[in-house]
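Undergrad: For reference, the structure I am asking about is given below.
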Amino acid sequence: MMSDHRDTRVCRVHDDVATQHQRGALRMLGFALFGWCAAQGVASADDAGALHVPSPDWRDQVIYFALLDRFDDGDPSNNDQGVGEFDPTDRSRYSGGDLRGITRRLDYIRDLGATALWITPPVAHQWWDPAVGYGGYHGYWATDFTAVDPHFGTLDDYRALSRALHGRGMYLVQDIVLNHVGNFFRYPREWSADDPARGWTRNVDAQGRGAPVQPPFDRNDPTDPAQRAQAIYHWTPPIRDNTDRAQELRFQLADLDDLNTSNPQVRDALRRSYAHWIREAGVDAFRVDTAFYVEPEFLDDFVYGGDDAAPGVLAVARATGREAFHVFGEGFGIDPPYQDRKARKIARYMDGVAGSMPAMINFPLYGSAQDVFARGAPTAVLGHRIRSMLALHPRVHWMPTFVDNHDVDRFLAGGDAAGLRQALLMLMTLPGIPTIYYGTEQGFTRPRESMFGAGWGSGGRDRFDADAPLYRYLQSAIALRRAHRMFSRGTPEVLHENAAGPGAIAWRTTHEGRSALVAFNTAHAPALLDNLDTGLPPGTPLRGVFAIDGEPRPATVGADGRIHLELPPRGGWVWIAGERDAAPAAPDAAAPTVQIDPLPADAVPGDLDVTGSARGVESFLLVVDGALDGAVRVRPDAEGRWQARIDTASMVDPAVAHRVVAWHAASGRASAPATFRVARRWTLAARVDDSARDDHGPHRRYRYPTDPSWGENRQADLRGAQAETSGGALRLSLDLATVTTSWNPANGFDHVAFGIAIGFPGEPGARALPLQHAEFPGGSGWRYRMRAHGWSNALFAADGASATHEGRSVVPAASIAVDHARHRVVFTFPAAALGSRRTLAGARIHVTTWDYDGGWRGLAAEAGSHTFGGGDGTRDPLVMDELVLEVSGAGAGAP
């Protein structure tokens, strides 16, 4: 393999061909490069590379993330280890993927454009935990941090994967765990901080083991004075309060035995264990699982510290020739719109004060991308996040970014393909290391479906389709990033955003004197991007290099440094700024102009009358918040004066500054924008109380899961609800027995999921509640339906809905707020979410509770630790409690 890695990477199809946006051109150029690569002596796809190679500049990489068990089965002989852990029809058990399987699919990953492969932990682990009824196929429940699990293969298989990657000019990222091992002990009845032996119960797994096999982690019994004195573990119950830092650092995460990472013996063993994989398997980077749950000082020791006998991993890596070995941590922290609390916590793990990681995964950007591209939130939510991440994270370019992963709902579980394409282009044009979770390129809708036909959720067929639309799209988007280094190393500046809803957002990225302009329209209708101050010299040509659909049109910066564009719906565009050929023409003093008179400084309570003047125009469009489809056509009078009324029925947030501009499309000119606020009245339209402790299903026999985090909390017990309306907008407040946050949920509540179905009189809808084995009560069916739990928020229309299909994805989704003191969850649906109707009079709202975990949580005859009991989950309603509200006519219309 050549020592010049940059030349090596050119030998992969699409490396320097991003401007060849047409797919056929990409393929043809790939064949042309083949001969050049051979002449240069670069390893072919079939050649094995070295085990140890120099580090790349990680800013320029694109990572492909694969869950080993669900990717491909290259050796069926290792699938079933004989303890009942293997069953490809059961998502909680092994499907059979392994190291040989992923190795034989590297060309598929490389041809997508990825330059590195991140795999879930390949280490030996607990295979089946009877206490929770779930398997360790994912690899995060270690029993030996230094051995390859037999399900995945051997050390030689792992080395073969590493060499095969390096032979292709690619790199290997291993997922590692420092916080915990498997679940080998519990405190089901009592626990004492002063006496960890009290209440301690051994949990024997399906292999007959009550402890890990690797010393010193096998020393887990506090009833033995010698083991207790050794203090390898914290010996604590599960976390109950994620806001308690002591619990976060020392208690068990999801019943997994928490390691005492302040213990020098534990630190030494972990450094030695993971040094083994760098030396023996040629690993190029580590992803650190659950970084928030270990002391930052230990992470500093693990990465940079240690001693000569057991040095930190960066020193180990340097000894193998890796000067820029990368380590990035997982801090599962998603902030609500315009907030930064979790982002600041992530920053503290990278600031070098209380312990430092080279990088952390950019979870806040993921959350904002979901809000904007999947749920139709205002594009200002993403604008805020971009500014925030640049301000908080000096090493933002080394932070992996993503839109899908193994711990969250797939983007397509609630969003649509158009939004996914936009979110992926966002990844490719912002700082950070874009990370593609396996199956995103094939349109997967569930987090852990299998790529190979024999695995769980595959539909019985292999999914390695290089002609799939999203695969081909990603090839082009990745090629764009790799052809223009400004996207991996430059600095973006947000130029435009919409505070009111979906619509336009634009940023300029600069690097080493070059600039690019990126724009999106997240709305389902055309949007006006007006008065965009590009920061570029007048007359600068903008060369279109990428468009999600069609061909990007060129543009030229105007005499005032601005441009005005009409953006088609759900699109994304990239332009590169060129050199100016000549000075721009001077402004035409006789050109058409429109002006808007000053608007009220105070919020208006209803519709707004706008006036102004015009010259040289017969008519123009008055555009509010960039929405061209709702623009008002205005014709000035003979004196050039004009007047128009703005419908404010859908404007329900008094904090939002709405933006209005006059647009004369024929001349391509726009007025200066004006802003106003609206404070409309909410009116109570329905209220219902619900009986306490009636949360036991329609047949009064359901039971909560046995894990104590449910129990008497009764999170699915509805106590009441009220509906308030403002024109076509709906604010729905749900009162519950208890609102808990023990799993640190992004939406502010956990252990419950809501199904909210809304029907309208005389409008056809769907009767089935998808995937819940239940029906909408009465009426003609539901027209819109929301599904929300602690980490998801998806809205669907009834079009195409059935018992097995959720229907058509709709944006914007509702916003969510939680009043923990009142145990209340509040959903606010803007009028646009419910069809932009003038009134909600007569609407029927049906609310159900259950729980959700990559799908509606299981129901069995007997309750399990995380499974509801008292029914048959294949046919019985997945409804713990329910209520119905009827929206009255009085107060349900416009105030």
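Undergrad: How big is the accessible area of Asp462 in square angstrom, nearest 10, if you roll a 1.4 angstrom probe over the protein chains?
TA: My reading of the accessible area for Asp462 is about 80 Å².
Undergrad: Report the residues of region 754-780 in range of a label on Thr874: point 7 Å along Cα→C-beta, backbone N strictly under 18 Å from it.
TA: Within reach of a label on Thr874: 771-774.
Undergrad: While we're on this one: Based on DSSP H assignment, which helices of the chain show an axial Cα extent of at least 20 Å together with a mean Kyte-Doolittle hydropathy greater than or equal to 0.0?
TA: Span-like helices in the chain: 23-40.
Undergrad: Fully extended, how many nm does the chain gain between Thr491 and Asp609 (0.36 nm per residue separation, minus their Cα-Cα distance)?
TA: Between Thr491 and Asp609, full extension yields 38.4 nm more.
Undergrad: Moving on to the next point. Would you mind computing, in nm to one decimal, how far apart the modelled labels at Thr675 and Asp694 are, each placed 7 Å from Cα along Cα→Cβ?
TA: According to this spin-label approximation, the distance is 4.8 nm.
Undergrad: If exposed means no more than 11 neighbouring beta carbons inside 10 Å and the site is in a DSSP loop, what's the longest run of the chain without any exposed GluC sites (Glu not before Pro)?
TA: Longest gap between qualifying sites, sites excluded: 640-861.
Undergrad: Distance in nm between label sites at Gln442 and Ala591, each 7 Å beyond Cα in the beta-carbon direction?
TA: So the two model labels end up 5.2 nm from each other.
Undergrad: List the equivalent ellipsoid semi-axes of the chain in whole Å, largest first, each obtained as the square root of 5λ for an eigenvalue λ of the Cα gyration tensor.
TA: After scaling each eigenvalue by five and taking roots: 46, 38, 24 Å.
Undergrad: Residue separation times 0.36 nm, minus the C-alpha to C-alpha distance between Asp57 and Arg318: what's the value?
TA: This chain segment gains 92.5 nm when fully extended.
Undergrad: While we're here: Run the numbers for Asp581 and Arg198: contour at 0.36 nm per residue of separation, minus the present Cα-Cα distance, in nm.
TA: Value of the extension gain: 129.8 nm.
Undergrad: On the accessible surface of the chain, probed at 1.4 Å, how many percent belong to carbon and sulfur atoms?
TA: For the chain, the apolar C and S fraction of the accessible surface comes to 49 percent.
Undergrad: Given +1 on the Cβ of Lys and Arg, -1 on the Cβ of Asp and Glu, and no further charges, what dipole in debye does the chain carry about its Cα centre, rounded to the nearest 20?
TA: Value, rounded to 20: 1680 debye.
Undergrad: Still on this model: Taking the Cβ-Cβ separation of Asp80 and Glu295 as r and a Förster radius of 41 Å, what is the calculated FRET efficiency to the nearest 0.05?
TA: FRET efficiency, Asp80 to Glu295: 0.55.
Undergrad: Ignoring everything except DSSP H segments at least 4 long, calculate the 222 nm mean residue ellipticity for the chain; use -39,500 (n - 2.57) per segment, divide by total residues, nearest 500.
TA: Dividing the helical sum by the residues of the chain leaves -5000 deg cm²/dmol.
Undergrad: Round to a whole angstrom and tell me the spacing of the C-alpha centers of region 459-495 and region 772-804.
TA: 32
Undergrad: Now for a different question. Any chance you could check the Cα centroid distance between region 646-667 and region 723-738 for me, in angstrom?
TA: Spelled out, the Cα-based centre of one part sits 26 Å from the other.
Undergrad: Collect residues whose amide H, placed 1.01 Å from N in the peptide plane, falls under 5 Å from the amide H of Ala324; neighbours closer than 5 in sequence don't count.
TA: Ser55
Undergrad: At 1.4 Å probe size, with every protein chain present, just tell me what the per residue accessible area of the chain comes to in Å².
TA: Result: 36 Å² of accessible area for each residue.
Undergrad: Between beta-carbons, use under 10 Å as the cut-off and find the net charge around Ala206, counting Lys and Arg +1, Asp and Glu -1.
TA: -2
The values are calculated or read from the model by the stated rules, or taken from the named source; none is laboratory data. None of the values given here were measured: they were computed from a predicted structure. Cβ sites come from the backbone with ideal geometry, for glycine too, and all protein chains shown count toward neighbours. Areas reflect the complete protein model, heavy atoms only, side chains present, ligands, DNA and RNA absent. Shrake-Rupley method; radii C 1.70, N 1.55, O 1.52, S 1.80 Å.
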